[in-house]
Amino acid sequence: MSIKVIPCSPIQRSWLVGLLVTALLTLCGSVTAQEIPVVAAAADLQFALAEIAQSFRQETGQDLRLSFGSSGNFAAQIENGAPFQLFLSADEEYVSRLKARGLTLDEGVLYAIGRIVLFIPNGSALKADASLRDLRDSLADGRLKKFAIANPEHAPYGRAARAVLQQQGLWEAIQPFLVLGENAAQAAQFATSGSVQGGMIPLSLAQAPALTQRGHFALLPADWHPPLRQRMVLLRGATEPAKTFYAYLQTPAARAVFSRHGFIPPDER
């Protein structure tokens, strides 16, 4: 796996801070590194899950290592033996796939329904309107040069963005202008960088303070794309700390954090 070094944007700095905090918690923990569960989580969770994990450690004294990325890539890594113990996917189909291969303890739990937004960075010539009328006009009048979404091949929010654009009859016209992020967080990084005129990213990222200062957004209709049903599951070989965190993620306190970050609780579908 290659690593590209690029200047840090606000969302990258927040992500790096999260990694540093996780590393410090790991170093200060009372258990060995082998006993600390490694959690694979969809990129749209990076702010919500970091907050929940911090509360979890404060209440239980148990450490976690969080890894954020695209759900499709994580599923492939798990199939190839990656040592994750808990998987929070942005698309429940990946959990079903892993269960069918005997890699999970059960079918998992639906923990949230995601939403997608049109994000327009400060200084863009585009408008953040939920009808996408201005986006359509920008394709006709030449204002649109670059537009960011996550890669639909392995990122659920990328597939949702593609579905929205297809539903509105814009997919064919916009493809030459697309900038694809490896996951939802990288798409958000592109959308806020000022080098693109807009993008479609998760609501959970768009409303984070690091992003709201860099642009504005419009929530897109939920019926323009298949539901973003986000499911989590314990993986084969999960330790007791992983199981404890899995249970904690289902508590009212954790669910309140998810809601505050823009996720719809499963029972409010």
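The values are calculated or read from the model by the stated rules, or taken from the named source; none is laboratory data. The shown structure was predicted, so the numbers you read here are calculated from the model rather than taken from an experiment. All Cβ positions, glycine included, derive from the backbone under ideal geometry; neighbour counts span all protein chains shown.
Points worth noting:
- Pair list, Cβ < 6 Å and 6+ apart or interchain, from the range 169-187 residues that are in the same structural domain as P121 (by TED's automatic domain parsing) and under 30 Å from S67 (Cα atoms) to residues that are outside any strand (DSSP E or B) and among the aromatic types (F, W, Y): V179/F190; G181/F190; A184/Y157
- Being modelled with pLDDT under 95, outside any strand (DSSP E or B) and either of a type in the set (S, T, N, Q) or more than 14 Å from the chain's Cα centre (by Cα) (or both) is not true of S204.
- Against the list (1) assigned to a loop (DSSP other than H, G, I, E, B); (2) closer than 23 Å to E182 by Cα, the condition R143 fails is (2).
- Of residues in the range 183-201 being more than 11 Å from the chain's Cα centre (by Cα) and in a loop (DSSP other than H, G, I, E, B), the one surrounded by the fewest Cβ atoms within 10 Å (Cβ to Cβ): S195
- Within the range 207-224, the set of residues being of a type outside the set (G, A, S), in a helix (DSSP H, G or I) and in contact (Cβ under 8 Å) with a residue 24 or more places away in the chain comprises L211, W224.
- Exactly one residue out of L211, L219, L249 is outside the structural domain of F119 (by TED's automatic domain parsing) and of a type outside the set (D, E): that is L249.
- Here A242 fulfils each of the conditions (1) surrounded by 13 or more Cβ atoms within 10 Å (Cβ to Cβ); (2) assigned to a loop (DSSP other than H, G, I, E, B) apart from (2).
- Some residue of the range 156-166 being surrounded by 16 or more Cβ atoms within 10 Å (Cβ to Cβ) and not in a helix (DSSP H, G or I): no
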